[in-house]
Amino acid sequence: MAEMNLEMYINASMNEHFLANYSYGNLSHNTIFRTPNEIDYPYFGDYLAQFQRGYGAVHGYLSFAFCIFGITANILNIIVLTRKNMISPTNAILTGIAVADMLVMLSYLPFTFHNYIRRDLDEADKFSYGWTVFTLFHAHFTVVNHTISTWLTVTVAIWRFLAISFPQNSSIWCCMARAKCAIAATYILSAVFCIPVYLTFTVSVFRGEDEDIMYRVDFSQIAQRHNRLLEKINFWIFSVITKLVPCVALTGISLGLIKVLYERNKRRQILKGTADADKNHDRTTRMLLAVLLLFLLTEFPSGLLALLSGILGTDFFNNVYVNFGDTMDALALINSSINFIIYCSMSQQFRNTFAYLFFPSCFQNAMNGPAASV
């Protein structure tokens, strides 16, 4: 979110002159008012700034399209995954992910329209009190729901690993009651876990070029106490730990799933045959692997850049992280919207149920059969 990238808010502890939702196309405030001869661009910052300006011209329209598609796709996910023949613990967790992803894009839709597409607004309207309050809400709402989606993705990965590694205990360990508890706990604990973010930002007043009173999201007084301790805690917890820890965990679990699939395939070749249930089990695992790998491809770069910002300091943040802000947002939106395509392409059960619901004349018998994970 270029002018309101929550990670940029959190990472702004790296740059004391960063203005929260007034970023002038992702160039830092203390760079904007310097002449070209005075500006030093380490880490190829001048080239990355050109990339940002080029992509920034289309980011709003692409993001708006991603949101429209993603909201629709996740609604379809929820409808299909909650049908009677689709009810299972794994599908319940996937439904929880779809709800969180949909809520992220519902919030991002008006934000991107106001900040990227409505280019005819003057400063007083762009930085009005109402829109600034919405910006603050948007920051908190999206980080909570993205955190929910992230940890539910980790949960479904662990769920699947237990199911294929310990099939004799999977019906007990991975039952519907425990799935519901895991979903509820993730939603509640994520909201509680983000309390430091709620305390870090507030609405502040500033004067525009014509001395008009305008508003922006800025660091709160609490965040600036004790040598900006809360800002720094937020940076390391929300920009690094909550990005990289899930990615590292999912990498390990994904490798474990791949190893189990490889061993099962070798065993199948030796036995020269296998039950249909085992084949369906493996197809489901491969589909979930695709979901996990997509998550890693879209989330790992953001966490890695945040970590490097913490290690290398302000220059890296201003010249690299900030210029990739819109790109990282687009990747996150793609990750939140593409699961429907993965389900349709890799799960016959999902395709049949979707066709039965929306094209019943073509698939009269799609709802027959026992409940199964996608």
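Brief remarks follow.
- Condition met for Ser302 (modelled with pLDDT of 90 or more and among the hydroxyl-bearing types (Ser, Thr, Tyr)): no
- Residues of region 208-219 satisfying the condition of being touching a strand residue (DSSP E or B) at 6+ places or on another chain (Cβ under 8 Å) and either assigned to a loop (DSSP other than H, G, I, E, B) or buried (at least 18 other Cβ atoms within 10 Å of the Cβ) (or both): Gly208, Met214, Tyr215, Arg216, Val217, Asp218, Phe219
- Residues that are farther than 19 Å from Trp159 by Cβ and among the polar types (S, T, N, Q) within region 62-116 comprise Ser63, Thr72, Asn74, Asn85, Ser107, Thr112, Asn115, listed in sequence order.
- Of all residues in region 244-258, those that are open to solvent by 20 Å² or more (accessible area, probe 1.4 Å) and not small (Gly, Ala, Ser) total 7.
- The helices (runs of 4 or more DSSP H) found entirely in region 110-207 that carry 1 or more residues being in contact (Cβ under 8 Å) with a residue 12 or more places away in the chain, open to solvent by less than 50 Å² (accessible area, probe 1.4 Å) and farther than 14 Å from Thr90 by Cα are 123-126, 129-165, 176-193, 195-200.
- Some residue of region 46-53 being out of contact with any strand residue (DSSP E or B) (no Cβ under 6 Å at 6 or more places or on another chain) and within 16 Å of Asn335 (Cβ to Cβ): no
Quick grid of which residues meet (1) more than 30 Å from Thr155 (Cα to Cα); (2) modelled with pLDDT under 90:
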| position | (1), (2) |
| --- | --- |
| Thr202 | yes, no |
| Val205 | yes, no |
| Asp210 | yes, yes |
| Phe219 | yes, yes |
| Leu229 | yes, yes |
| Lys232 | no, yes |
| Leu250 | no, no |
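The values are calculated or read from the model by the stated rules, or taken from the named source; none is laboratory data. Quick caveat: nothing in here was measured; it's all calculated off a predicted structure. Glycine also receives a Cβ, built like all others from the backbone with ideal geometry; neighbour counts cover every protein chain displayed. Accessible surface areas use protein heavy atoms only, side chains included; no ligands, DNA or RNA. Shrake-Rupley method; radii C 1.70, N 1.55, O 1.52, S 1.80 Å.
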